[in-house]
Amino acid sequence: MIDALNEIFSAARVRTDAESLTAWGRDWTRSVAPAPAAVVFPEQASEVVALVRLANRRGFKLVPSGGRTGLSGGAVASAGEIVVSFDRMNRIVGFNATDRIVRCQAGVVTRVLQEFAADQGLYYPVDFASSGSSQIGGNIATNAGGIRVIRHGLTRDWVVGLTVVTGSGELVECNHGLTKNATGYDFRHLMIGSEGTLGLILEAEMRLAAPPEPQTVMVLGINRFGDILEVLACFQAALSLSAFEFFSELALTKVLEHRQLRRPFARAAPFYALLEFDQGETEQATAAFEACLAQNWVEDGVLSQSESQARDLWQLREGISESIAPFTPYKNDVSVKVSQVPQFLVEVEAVVSSRYPDLEVCWYGHIGDGNLHLNILKPDALDVSTFYERCHRISPQIFEVVERHSGSISAEHGVGLLKRDFLGYSRTRVERRLMRQLKAVFDPNQVLNPGKLLVADSG
Ligand code: 2HG
Ligand code: ZN
């Protein structure tokens, strides 16, 4: 294998040392042990095409690898695969101010794209805690969402063109940056969210937006779970929100300890909401806050007075995932339509409190778009596999609630390895068969990201 790889890549761009295999063989999912055979670092499209063709001839399996910040094992190589890292395809290769389109190689880091946009007086709005290391190719492969979806949508909404190599090694240019293009199947949208199972993304044309007004952040203390959505409705009736996030007191405690931060206000509340909106709408926001106070939905609140205060308040929400990572959490990333959220929360809470009475459960998420992150923290005394087995047995009960509400078992983290066995709760048998048939069209020899997203048989 290594000799064959060396015909495409110089020796320095093929790594087989144990440290590299571990580092590039996994993502932020820590429950599956990495065991790739090699890691390669292509620098141009022709090398990726040659690699995919080689994989087809020789039966090698390829795992695409971006910033490796995924939480469902989508970028984990655990069975002797070749990891294809896009770290060296990290250049912005074109920008057109008239079109407001930037052309990025797959390995461009999200924050680099955001900063590039700002340098042009424009804005790339998709944002999340891992923007500093996640890469555009991975964002597209998982249709990353994050914190401003209620205003600016998902990664999918900003992709206007893609260059991909299919699993059989054919180069396909999708959509060419067009706004209007009614010429049949849009392969761009098939590739977005396909988790590297249909093709490898080499380049993307991303649309940029006009910059928003300066933003103000408000953090509110909320007494009852059920009132969170009342607060959302009250604010949405009064102004246009850029973000509406929520987190529990336990989540706040973890982030305060981990980052050595101060509470947003002295009195602890069972739940918190974090809202972001245009500075120009502060008056409307203050009025909505008072209305919520009068209803007793909210018991305290704080408003950012500067950009740096806004950033500090965001840390309370964005730092949660990192601060609970040491507890090897079992993650759920579920969503329902916003109108279903109140009932959904009640039903999920009933499962959680009856099945995890002895464990710490951290609630947080992008509740304004219907997305809830539910992390079960591992107690020190339990070993990882016993803990995961227990959670795995309980998951179907949460997913049954999701299914009843026609929700998603993976709202934004992808299916990868971790949620694959549960896909049937969100996608029907017919849909799964169609997915496998599409996989056979784009990747007939099954060389791309094996074992991810779909179970090979009829399951
Ligand atoms: C977030 O919203 C990320 O912070 C991570 O999607 C969520 O750690 C998680 O479960
Ligand atoms: Zn999230």
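Bear in mind these aren't lab numbers, they're just calculated from the coordinates by the rules spelled out. Here the structure is a predicted model, which is why all the values come from computation and not from measurement. Positions of Cβ are generated from backbone atoms using ideal geometry, with glycine treated the same way; all protein chains shown enter the neighbour counts.
In order along region 283-294, the Karplus-derived 3J(HN,Hα) couplings, from 6.51 cos²θ - 1.76 cosθ + 1.60 at θ = phi - 60°, round to 4, 4, 5, 5, 5, 5, 4, 5, 4, 5, 4, 4 Hz, and Gly and Pro are given as x. Out of residues 5 or more away from S78 or on other chains, whose amide H comes under 5 Å of its own, with H placed 1.01 Å from N in the peptide plane? So S78 has HN proximity to A35. For Y123, nonlocal amide neighbours, meaning residues 5 or more places apart or on other chains whose placed amide H falls under 5 Å from its own, are A209.
Assuming charge only on the beta carbon of Lys and Arg (+1) and of Asp and Glu (-1), the dipole of the chain about its Cα centre is about 1280 debye to the nearest 20. Just to confirm the number: angle between the C-alpha axis of helix 110-119 and the first principal axis of the chain, 0 to 90 degrees, nearest 10? That works out to roughly 80 degrees. An oblate overall shape is assigned to region 249-322, the ratio a/c of its alpha-carbon gyration tensor axes (a ≥ b ≥ c) being 1.5 or greater and a/b not exceeding b/c. For a test of the definition: using alpha carbon positions, the gyration tensor, and the 1.5 limit on a/c, classify region 1-138 as rounded, prolate or oblate. Oblate is the answer for region 1-138, as a/c is 1.5 or above yet b/c matches or exceeds a/b.
Put in line by how crowded their Cβ is, counting other Cβ atoms within 10 Å and starting with the fewest, H189, H405 read H189, H405.
Sorting Y185, Y272 from the fewest to the most surrounding beta carbons within 10 angstrom yields Y185, Y272. Across region 182-196, computed HN-Hα scalar couplings (Karplus, 6.51 cos²θ - 1.76 cosθ + 1.60, θ = phi - 60°) run 9, 10, x, 3, 9, 5, 3, 6, 6, 6, 5, x, 8, 6, x Hz from first to last residue, x flagging Gly and Pro.
Compared with the dominant Cα axis of the chain, that is its longest principal axis, helix 341-355 is turned about 80°.
Dipole check for region 246-297: with +1 at the C-beta of Lys and Arg, -1 at the C-beta of Asp and Glu, and the Cα centre as origin, the magnitude is about 440 Debye. Quantify how much of the Cα-Cα distance distribution of the chain extends past 29 Å, in percent. Across the chain, Cα pairs with separations above 29 Å total 49 percent. Just to confirm the number: angle between the C-alpha axis of helix 228-238 and the first principal axis of the chain, 0 to 90 degrees, nearest 10? On a 0 to 90 degree scale, this one is about 90. Considering helices alone, the calculated mean residue ellipticity of the chain at 222 nm is -10000 deg cm²/dmol, with DSSP H runs of length four and up weighted by -39500 (n - 2.57) and normalised per residue.
Kirkwood radius and radius of gyration were both taken over the C-alpha atoms of region 113-243, and their ratio Rg/Rh is 1.05.
Hydrodynamic analysis of region 71-136 uses the Kirkwood radius over alpha carbon pairs. Inserted into Stokes-Einstein at 4 °C and 1.567 mPa s, it gives a translational diffusion coefficient of 97 µm²/s.
Converting the Cα gyration tensor eigenvalues of region 297-357 into ellipsoid dimensions via √(5λ) gives semi-axes, longest first, of 28, 19, 12 Å.
Dimensions of region 308-457 based on its C-alpha atoms, expressed as ranges along the principal axes with the largest first, amount to 50, 37, 34 Å.
As a proxy for reagent exposure, ranking V109, V430, V84 by other Cβ atoms within 10 Å from fewest up yields V430, V109, V84. Taking amide H atoms as placed 1.01 Å from N in the peptide plane, the amide H of Q215 lies under 5 Å from those of Q279, each 5 or more residues away in sequence or on another chain. If a/c stays under 1.5 just call it rounded; otherwise compare a/b with b/c (prolate if a/b is bigger, oblate if not). Do that for region 318-395, with a ≥ b ≥ c from the square roots of the Cα gyration tensor eigenvalues. Oblate. Going through the cross-link list K180/K419; K378/K439; K337/K419; K254/K452; K419/K439, which pairs have a Cα-Cα distance over 29 Å in this structure? Beyond 29 Å: K180/K419; K378/K439; K254/K452.
For region 254-270, putting each phi into the Karplus relation 6.51 cos²θ - 1.76 cosθ + 1.60 with θ = phi - 60° gives couplings of 5, 6, 5, 5, 5, 9, 6, 9, 9, 4, x, 8, 4, 7, 6, 10, x Hz, in residue order, rounded to whole numbers and with x for Gly and Pro.
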